[in-house]
Amino acid sequence: MKELIRYIARALVDNPDAVEVNEIEGEQTSVIELKVAKEDLGKVIGKQGRTARSMRTILSAASTKLRKRSVLEIIE
Amino acid sequence: MSESIFEGKTVEEAIALACQELGLPREHLNIEIISTGSSGVFGLGLKKAKVRVSVPAPEAQPEEPGTEKADPKQILQELIALLDFDLTVESNLENGFEVLNLRGKDAGLLIGKQGQTIDALQYLLNKMLSKVAGEKIQVVLDCEGYRERRKAYLTEMAMRLKERAQKTGRSFYTDLLNSADRRAIHLALQNDPVVKTKSIGDGLLKKVAVYARERGKANGISR
């Protein structure tokens, strides 16, 4: 899950080396925290939050297969 | 130009890791093999393969900085692998657009509710490709005929709304649809002599109104 978000985020930003992804695993739900350079925040959120929403959508599809729930949080 | 060293059990593995980490296909990387590694005997003398990888700076490209091209199929395959979906990718050219066709066991999961997931993946893939290319790239994802099925469903919906608008003279609306779906409705009725269509609302999702061109005709009175 973490690698998926890292891969996508790195491909979207200007500063891929600043991309940090942490996964906090819970029993059923895991939280994935995405951190990017300040200037890149807009790139991972997108117009009207579309990019963030798309990442969340495919994250939940991947989690469904694992019978889990994952939440993506973008950390400022 | 930034350089990093990647290790793996084999040279192939090290390169694959480099591609994943850097988010670039291997054609875009300068790869220098430092050591090929050896598996050793029972773990003795085990040596990892090492490659030095550098990413050529975009401005180092002699002409037309936007011509660098990432391979959509390859990136999609990597995404599918990371999603752990059981799907294969096939690339076709349809009407000048690159269409990536997926098929396999996880087709339903990939499409998602009302195509939500396939649309999200298509949007992200295009963003990622556009970023590498420096210009807008538009590829289409399809999965076991989903796009065609969706179009048929929307066309049928358009016809149903038309019939009702024609009978009653009132406007009828679709559900909230994305731009591609709205387009299908507009196209289905674009040259219709009886009804017109119009998108209503703002944001990504809008409704399409289907309404009679003229009151008289709407009630079935011909010229």
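Would you mind classifying the stretch A:2-75 by shape? Square roots of the alpha carbon gyration tensor eigenvalues, ordered a ≥ b ≥ c; an a/c under 1.5 is rounded, otherwise it is prolate if a/b is larger than b/c and oblate if not. List each step's numbers first, then the result.
Numbers: a/c = 2.18, a/b = 1.64, b/c = 1.33.
The shape class here is prolate.
Fewest-first ordering of B:CYS143, B:CYS19 by other beta carbons within 10 Å of each residue's beta carbon gives B:CYS19, B:CYS143.
For B:LEU93 and A:ASN15, what does the FRET efficiency come to when R0 = 45 Å and r is the distance between their Cβ atoms, rounded to the nearest 0.05?
Numbers: r = 34 Å, r/R0 = 0.76.
The calculated FRET efficiency here is 0.85.
Taking the empirical scaling 2.2 N^0.38 Å for compact globular proteins as reference, chain B has a Cα radius of gyration ratio of 1.47. Between helix B:72-83 and chain B there is an angle of about 80 degrees, using the helix long axis and the longest principal axis of the Cα atoms.
Nearest 5 percent is fine: what portion of the DSSP beta bridges confined to chain B is antiparallel? Numbers along the way, then the final one.
Values: 30 of 35 bridges.
Looking only at bridges with both residues in chain B, the antiparallel portion is about 85 percent.
Bridge orientation summary for the protein assembly as shown: considering DSSP beta bridges with both residues in this region, about 75 percent are antiparallel. Helix A:50-65 and the longest principal axis of the Cα set of chain A meet at an angle near 20°. Taking the longest Cα principal axis of chain B as reference, the axis of helix B:11-22 is set at about 50 degrees.
Under 8 Å for C-alpha pairs, at least 6 residues apart: give me the relative contact order for chain B, rounded to a whole percent. Numbers along the way, then the final one.
On the way: 361 pairs, mean separation 27.7, N = 223.
With pairs under 8 Å counted, the relative contact order is 12 percent.
Could you work out the helix-only [θ] at 222 nm for the protein assembly as shown, with each DSSP H run of four or more residues adding -39,500 (n - 2.57) and the total divided by the number of residues, to the nearest 500 deg cm²/dmol? Helix-only estimate at 222 nm: -12000 deg cm²/dmol.
For B:LYS207, the residues 5 or more places off, or on other chains, whose built amide H falls under 5 Å of its own are B:LEU177, B:ILE200.
I need the fraction of alpha carbon pairs in the protein assembly as shown separated by more than 37 Å, rounded to a whole percent. For the protein assembly as shown, the fraction of Cα-Cα distances above 37 Å is 29 percent. Return, ordered by residue number, the residues of the stretch B:171-187 whose backbone nitrogen is under 15 Å from a label point located 7 Å along Cα→Cβ of B:LEU204. Taking a point 7 Å out along Cα→Cβ of B:LEU204, the residues of the stretch B:171-187 whose backbone N falls under 15 Å are B:176-182. DSSP finds beta bridges in chain A, and of those with both partners inside it, around 45 percent are antiparallel.
Take every pair of alpha-carbon atoms less than 8 Å apart whose residues are at least six positions apart; their mean separation over the length of the stretch A:2-75 yields a relative contact order of 30 percent. Among the trypsin sites (Lys or Arg not before Pro) in the stretch B:151-217, those located in a DSSP loop and surrounded by at most 14 other Cβ atoms within 10 Å of their own Cβ are B:ARG170, B:ARG213. On the beta carbon distance between A:GLU33 and B:MET159, with R0 = 30 Å, the FRET formula returns roughly 0.05. Put the Cα centre of the stretch A:40-71 next to the Cα centre of the stretch B:116-190 and the gap is 21 Å. Amide H to amide H, with H built 1.01 Å from N, B:ILE34 comes under 5 Å of B:LYS50, B:VAL51, B:ARG52, counting only residues 5 or more places away or on other chains.
To the nearest 20 Debye, how big is the dipole of the stretch A:2-75 about its Cα centre, given +1 on the beta carbon of each Lys and Arg and -1 on that of each Asp and Glu? Intermediate values should be presented prior to the final figure.
Values: 14 positive and 11 negative charges, 94 e Å.
Dipole magnitude for the stretch A:2-75 comes out near 460 debye.
Since every read-out is calculated from the coordinates, none of them should be taken as a lab result. Treat the numbers as computed from the prediction; the structure is a model and nothing was measured. As a convention, Cβ positions derive from the backbone with ideal geometry for all residues, glycine included, and neighbour counts pool all protein chains shown.
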